[in-house]
Amino acid sequence: MKKSKKVLVGGCFDILHYGHIYFLKKAKKLGDTLIVALESDENTRKLKGPKRPIHTQKQRAEILKSLKFVDEVILLPPSPDYKLLTKNIKPDIIACDPEDKLLKNKNIYESLGVKIVVIPKIKSPSTTQIAKLLKLD
């Protein structure tokens, strides 16, 4: 029996947009199971600013779960231990974008037997740009 290949991605995914969809579809094509580690509201605020997130973590999880190419969503706590999370999930691949902070510690994840795959960004308005246009930020 062939082992299922797990792909792990992480992020805030606040206002879902085309760039997110593109990234998640590309990540799914790398394996059989796509797992999204979803940042907490508190961590999203630290990363994106005091008026964010627009949607709560539970709302963002529900939106992501509705996508046919997302197999599982894990709700991260406010101060996640990404290394422990990776050890527990045992993904074959972690997919990230070129600006991901994870790349600074790439060797830690590779020492756990995880392959890091960088998915290039595409030209698409970001959540921050969309929030500003809607005067939500």
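The values are calculated or read from the model by the stated rules, or taken from the named source; none is laboratory data. None of these values were measured; they are calculated from a predicted model. Here the Cβ positions follow ideal geometry from the backbone for every residue, glycine too, while neighbour counts run over all protein chains shown.
Points worth noting:
- Scanning the range 13-40 for residues that are of a type in the set (Asp, Glu) and out of contact with any His (no Cβ under 9 Å at 6 or more places or on another chain), we see that the one that is surrounded by the most Cβ atoms within 10 Å (Cβ to Cβ) is GLU39.
- Residue match in the range 75-83 (condition: modelled with pLDDT of 95 or more and either touching a Phe, Trp or Tyr at 6+ places or on another chain (Cβ under 9 Å) or among the polar types (S, T, N, Q) (or both)): yes
- When LYS68 is tested against the conditions (1) modelled with pLDDT of 95 or more; (2) within 21 Å of THR128 (Cβ to Cβ), the lone failure is (2).
- Hey, LYS121 of a type in the set (D, E, K, R), farther than 24 Å from LYS3 by Cα and in a loop (DSSP other than H, G, I, E, B) or not: yes
- Scanning the range 82-116 for residues that are touching a residue at least 24 places away in the same chain (Cβ under 8 Å), surrounded by 14 or more Cβ atoms within 10 Å (Cβ to Cβ) and hydrophobic (A, V, I, L, M, F, W, C) gives LEU85, ILE89, ILE93, ILE94, ALA95, CYS96, LEU102, VAL114.
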